[in-house]
Amino acid sequence: MRHVLRTALLSATLLGIAALPAAVLAQSPSADEPQRQLGAHAHGAGKLGIAIEGRTVEIELEAPGSDIVGFEHSAKTAEQKKAVSQARALLAKPMALFKLPEAAGCKVASAKVKLVGGSHAHSHGHSHGNTKATSAKPKEAETHSEFHAEYRLTCAKPDQIRSVELEYFKTFPRAESLEVSLIGAKGQAKQKATRDKPRIEIGGGS
Ligand SMILES: [Zn+2]
């Protein structure tokens with residue numbers, strides 16, 4: 001379900017769309033259902049980038065706050081603050097979320113997690129092909145936030161990375177899909193990982 005926007009937000013969104021080419025405009029459904037693919041995210045759908053270069057593996061995750069903690073307004077209650085700090089701690093452990101083959105001998109060199117947003121004014125330039133999120137009726141429609149994480153791993157045998165198991169979906173039960181961009185020796189590829197198919201195939205290295 002797409003976010004429902006208040007009228008004020010709607011006009012702001014349309015103003016943003018007005019700057020885009022006509023072809024894009026033509027896809028705008030109607031004033032009642034604003035084009036939320038522009039600079040917005042869909043609940044349930046995150047993005048994951050994996051770049052393998054030499055022995056370095058860089059992983060970047062962008063996930064709606066909704067997927068990670070179940071809300072996107074700023075944490076107010078003690079319980080919400082606890083949820084955010086727990087999420088940060090979980091996200092700070094990439095090896096537990098994105099399982100690489102043992103044989104690859106990967107170690108975490110760095111992990112950065114931040115919570116961004118907190119207002120409706122997303123300008124991340126996100127563009128999701130799939131906007132069928134599964135969130136229930138948005139209670140905080142005007143507020144969106146995302147968890148962004150950046151990881152760098154060093155792997156002894158990167159050619160052993162044939163697949164990545166996404167424990168992410170077990171860790172975060174609200175997350176439904178990840179749009180995966182892979183960059184490796186064989187160029188770029190896109191894949192979609194879902195709760196039902198929590199696995200990324202990395203074409204054999206040799
Ligand atoms: Zn949102």
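The values are calculated or read from the model by the stated rules, or taken from the named source; none is laboratory data. This is a predicted model, so every value here is computed, not measured.
Computed quantities for the displayed model
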| quantity | calculated |
| --- | --- |
| Spans of strands (runs of 3 or more DSSP E) in segment 150-199 with at least 2 residues of a type in the set (Gly, Ala, Ser) and within 24 Å of Lys107 (Cα to Cα) | 177-184, 187-194 |
| Yes/no for Glu62 being at pLDDT 90 or above and in a strand (DSSP E or B) | yes |
